[in-house]
Amino acid sequence: MRPFQYERARTLGDAARLVAGADAMAIAGGTNLLDLMKLQVETPGELVDINRAGFAEIEDTDDGGLRIGALATNTATAVHPRVRSDYPVLARAILAGATQQLRNKATTGGNLCQRTRCFYFMNIDQPCNKREPGSGCGAIDGVAKLHAVLGSSDECIATYPGDMAVALSALDATVQIASVDGAERSVPVRDFHCLPGDTPWRENVLEDGEVITAVTLPAPVAGVQLYRKVRERSSYAFALVSIAAIVEMRDGVIARADLSFGGLAHKPWHDPRISDLLEGAAPSAQLYDAAADLLLEDARGYGENDFKIPLARRTLHAVLAQAVEDAA
């Protein structure tokens with residue numbers, strides 16, 4: 001690990017001001033950043049500890065929703081009574097994501113900003129446009145088993161590795177962001193992460209001097225909430241395919257269907273056409289096939305990850321069938 005300076009931010013203003021430095025990075029739990037520093041993938045000259053900046057609370061909102069502070073740990077979020085009762089898909093996604101020790105340190109904001117675990121990104125001896133623009137994407141013709149089949153580009157086929165954000169996408173959450181000049185803005189979580197395009201190093205919409213302060217969940221809705229994660233081993237592995245689903249049945253038809261997908265793209269994948277197709281329709285295998293057709297119409301494999309396309313189809317079938325059965 002290369003030498004670095006360390007400074008504590010004691011207020012939100014301090015945090016935004018300090019991370020605006022050209023060579024500074026914020027650190028909270030450090031569960032991803034410290035690994036990247038050890039591998040010299042990240043080499044910040046200064047770390048700004050934001051743990052004392054004061055936005056770790058989980059609070060009810062005036063409209064019946066829930067505000068989760070950016071410094072709330074994954075454990076605190078997953079065990080919170082309102083998350084367990086009103087947003088169980090979020091609790092299930094978090095619990096599927098990492099060991100208890102990591103959940104005790106990892107934070108809401110850090111989880112959203114975690115970086116890909118692509119083998120080429122994590123190895124500084126390999127080409128990676130995300131880490132070193134213009135060097136090429138080694139995964140396209142290399143080891144691509146975990147990689148994207150949706151939304152990729154000739155510059156990058158990495159996947160977003162997280163679970164929490166997939167559930168937040170299904171829940172239509174909003175990310176609250178503050179900047180060094182005191183301005184605040186809200187970004188739908190579905191728009192927070194970026195597709196690679198020709199700028200794969202830009203993974204989210206945060207600008208210099210901006211920090212996440214909270215994630216806000218809307219008022220809870222009726223329906224069954226599921227999180228299905230398909231992986232190579234039964235625990236603590238990144239998703240090959242994951243699905244967060246909120247499905248409500250009414251009078252024999254699907255009244256609500258909010259779905260988001262992980263393991264398939266550079267960001268949690270949400271396609272509103274799937275909801276439009278499912279809502280108001282009677283459940284059937286043919287309907288689930290049609291939903292999978294929409295999801296995968298532009299899917300492209302790169303050899304080793306071709307299996308993800310039929311796997312995503314089967315997983316979507318299974319999740320919809322289970323949700324409909326549980327909601328009946």
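What does the accessible area per residue of the chain come to in Å², with a 1.4 Å probe and no ligands, DNA or RNA counted? Please list the in-between numbers first.
Working: 14150 Å² over 328 residues.
For the chain, the per-residue accessible area is 43 Å².
How long are the semi-axes of the equivalent ellipsoid of segment 39-164, taking √(5λ) for every eigenvalue λ of the Cα gyration tensor, in whole Å from largest down? Please report the intermediate quantities before stating the final value.
Working: eigenvalues 214, 65, 31 Å².
Equivalent ellipsoid semi-axes, largest first: 33, 18, 12 Å.
Provide, as a two-decimal number, the C-alpha radius of gyration of segment 80-141 over 2.2 N^0.38 Å, N being how many residues it has.
Working: Rg = 16.6 Å, N = 62, 2.2 N^0.38 = 10.6 Å.
Expressed relative to 2.2 N^0.38 Å, the Cα Rg reads 1.57.
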Distance histogram in 5 Å bins (all Cα pairs of segment 106-255, percent per bin):
2, 9, 15, 18, 17, 16, 12, 7, 3, 1, 0, 0
Quick one: net charge around S235, please, counting Lys, Arg +1 and Asp, Glu -1 for every other residue with C-beta under 13 Å from its C-beta.
+2
Helix 308-327 vs. the chain, principal-axis angle (Cα, 0 to 90°, nearest 10):
60
Which of the peptides 170-178, 52-60, 315-323, 257-265 is most tightly packed, and how do the rest follow, judged by the mean count of other Cβ atoms within 10 Å per residue?
257-265, 170-178, 315-323, 52-60
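Give me the percent relative contact order of the chain, please, defined on Cα pairs under 8 angstrom at least 6 residues apart. Intermediate results must be reported in sequence, preceding the final value.
Details: 741 pairs, mean separation 56.4, N = 328.
In percent, rounded to a whole number, it is 17.
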Summed side-chain charge close to Y6 - residues other than Y6 whose Cβ falls under 9 Å, Lys, Arg +1, Asp, Glu -1
-2
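Which net charge results when you count Lys and Arg as +1 and Asp and Glu as -1 among the other residues whose beta-carbon is under 14 Å from that of V166?
Working: positive: R92, R190, R228, K229, R231, K267; negative: D163, D172, D258, D271.
Charge balance near V166 sits at +2.
Shape of segment 221-328 from its Cα gyration tensor (a ≥ b ≥ c, root eigenvalues): rounded if a/c is under 1.5, otherwise prolate when a/b > b/c, or oblate? Could you put the intermediate results ahead of the total?
On the way: a/c = 2.08, a/b = 1.55, b/c = 1.34.
Cα axes put segment 221-328 in the prolate bin.
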What residues have an amide H closer than 5 Å to that of R8, excluding those fewer than 5 places away on the same chain, when H is modeled at 1.01 Å from N in the peptide plane?
D49
Per DSSP H run of n ≥ 4, the term is -39500 (n - 2.57); total these for the chain, divide by its residue number, and report the mean residue ellipticity at 222 nm rounded to 500 deg cm²/dmol.
-8000 deg cm²/dmol
Pop out the Kirkwood hydrodynamic radius of the chain from its pairwise C-alpha distances, inverse of mean 1/r, in Å to one decimal.
20.3
Treat every Asp and Glu Cβ in segment 50-200 as -1 and every Lys and Arg Cβ as +1, leave all other atoms uncharged, and give the resulting dipole magnitude about the Cα centre to the nearest 20 debye.
620
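The values are calculated or read from the model by the stated rules, or taken from the named source; none is laboratory data. Here the structure is a predicted model, which is why all the values come from computation and not from measurement. Neighbour counts run over all protein chains shown; Cβ positions are idealised from the backbone, glycine included. Heads up: the accessible areas ignore ligands, DNA and RNA and are worked out on the full protein's heavy atoms, side chains in. Shrake-Rupley method; radii C 1.70, N 1.55, O 1.52, S 1.80 Å.
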